[in-house]
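Have a look at the structure below before the remarks.
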Amino acid sequence: MPLPAAFEGRLKIPAVSAPMFLTSGPDLVVEVSRSGMVGTFPALNARTSEGFRDWVREIKARLAAVEDAAPFGVNLIVHKSNPRVEADLAICVEEKVPLVITSLGAVPDLVKAVHSYGGVVFHDVISRRHAEKAAEAGVDGIIAVSAGAGGHAGQISPFALVTEIRQVFAGTILMAGAINTGAQILAARAAGADLAYMGTRFIATREAMVQQEFKDMILSSAAADILYTPAISGVNANFLKPSIRAAGLDPDNLQGHAKLDMSNEAKAWKTVWSAGQGVGGIADLPGAAELCARLGDEYRAALKALCSDAFAGA
């Protein structure tokens, strides 16, 4: 299974902490990457492009002091309603951000810009058709945002989606969707993915920038509390029903929403909280480094257990 050359030998855990809107910031990224897993954040989590540059420089400086840190990454929303995409891309090029994750648009010129300094581009997809477009754009990796994932997820089984992506793409494949444990990271690799892609589990960490009420809701929720709907932001995404009710809305009777507009995203996602179906498997609020250490231990234990399984030699 292929990994980008820039990642070879630099990961202790074959996984990426997904860039989560209004959630991921420098502290979370640094703790994850220094623990041997790829930490990422959305550029738009910094209020301005100047602030985004400051965050990138802070993360680079803090990770430079860690001898064996994993790469870090930035998410760019490539959508016509995002007025900052060109400025933020220029900063990624200037600062040589190791990984750029693109969403809502696979653009060949953006890929070329990141490749110009040796950077890597991963792209979010929810279908084979989107994967084909991403492959044509020249991306290095494709993220299978499968059924049950937080944020702008799809509705296709991760097993089906990863299989179809592999049919049209020879690069790195990442699997997203209700992954909470090291054993589940191993399952993603066994299913054909090169890396697992984890979001919701990292909301429930001390470094996540969200309010405590959001973290507490993660701990008290189950898969049945997740609603997949376009009514919050204009694009289908998974949201916590209790947060919908707390915002004065009825999850069973949501009104239609206009098309996606990034200028309204922060307002929508600040009051209604997104999470994946894996919430029922989350029971604590560790620090990110502690969580990464646990994931590594679980991954190795699961691998050892499977290799010693009676069926392994059948």
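The values are calculated or read from the model by the stated rules, or taken from the named source; none is laboratory data. What you are looking at is a predicted structure, and each value in this text was computed from that prediction instead of being measured. Note that we place each Cβ from the backbone using ideal geometry, even for glycine, and neighbour counts take in every protein chain shown.
Can you spot a residue in the range 108-117 that is surrounded by fewer than 19 Cβ atoms within 10 Å (Cβ to Cβ) and part of a loop (DSSP other than H, G, I, E, B)? Within the range 108-117, one or more residues are surrounded by fewer than 19 Cβ atoms within 10 Å (Cβ to Cβ) and part of a loop (DSSP other than H, G, I, E, B). Restricted to the range 203-237, and to residues there that are in contact with a Pro (Cβ under 9 Å, 6 or more places away or on another chain), free of Cβ contacts under 8 Å to residues at least 60 places away in the same chain and small (Gly, Ala, Ser), the residue that is surrounded by the most Cβ atoms within 10 Å (Cβ to Cβ) is Ser221. Could you tell me which numbered condition Gly192 fails, if it satisfies all but one of (1) assigned by TED's automatic domain parsing to the domain that holds Ile143; (2) over 21 Å from Gly73 (Cβ atoms); (3) not in a loop (DSSP other than H, G, I, E, B)? In the conditions (1) assigned by TED's automatic domain parsing to the domain that holds Ile143; (2) over 21 Å from Gly73 (Cβ atoms); (3) not in a loop (DSSP other than H, G, I, E, B), Gly192 misses (3) alone.
When the residues of the range 45-81 are filtered to those that are under 18 Å from the mean Cα position of the chain (by Cα) and among the polar types (S, T, N, Q), the one that is nearest to Glu95 (Cα to Cα) is Asn75.
Scan the range 168-198 for residues that are more than 16 Å from Ala153 (Cβ to Cβ) and of a type in the set (A, V, I, L, M) and the total you get is 10. Annotation: Thr40 fulfils all but one of (1) surrounded by fewer than 19 Cβ atoms within 10 Å (Cβ to Cβ); (2) β-branched (Val, Ile, Thr); (3) within 18 Å of the chain's Cα centre (by Cα); the unmet one is (1).
For the range 160-170, the candidate set comprises residues that are of a type in the set (A, V, I, L, M, F, W, C) and more than 18 Å from the chain's Cα centre (by Cα); within that set, the residue that is surrounded by the fewest Cβ atoms within 10 Å (Cβ to Cβ) is Ala170. If we scan the range 18-29, do we find a residue that is more than 21 Å from Ala153 (Cβ to Cβ), at pLDDT 95 or above and in contact with a Gly (Cβ under 7 Å, 6 or more places away or on another chain)? Yes: the range 18-29 contains one or more residues that are more than 21 Å from Ala153 (Cβ to Cβ), at pLDDT 95 or above and in contact with a Gly (Cβ under 7 Å, 6 or more places away or on another chain). Counting only residues that are more than 14 Å from the chain's Cα centre (by Cα) and assigned to a strand (DSSP E or B), the range 118-157 holds 1 of them.
Among the residues in the range 289-303, are any in contact (Cβ under 8 Å) with a residue 60 or more places away in the chain and part of a loop (DSSP other than H, G, I, E, B)? No, there is no match, as no residue in the range 289-303 is in contact (Cβ under 8 Å) with a residue 60 or more places away in the chain and part of a loop (DSSP other than H, G, I, E, B). The single residue among Ser17, Ser33 that is without any contact (Cβ under 8 Å) to a residue 40 or more places away in the chain, crowded, with 21+ Cβ neighbours inside 10 Å and either more than 17 Å from Lys270 (Cβ to Cβ) or of a type in the set (Lys, Arg) (or both) turns out to be Ser33. Out of the residues in the range 72-82 meeting the condition of being touching a residue at least 40 places away in the same chain (Cβ under 8 Å) and either in contact with a Cys (Cβ under 7 Å, 6 or more places away or on another chain) or surrounded by fewer than 21 Cβ atoms within 10 Å (Cβ to Cβ) (or both), tell me which one is nearest to Val125 (Cα to Cα). Result: His79.
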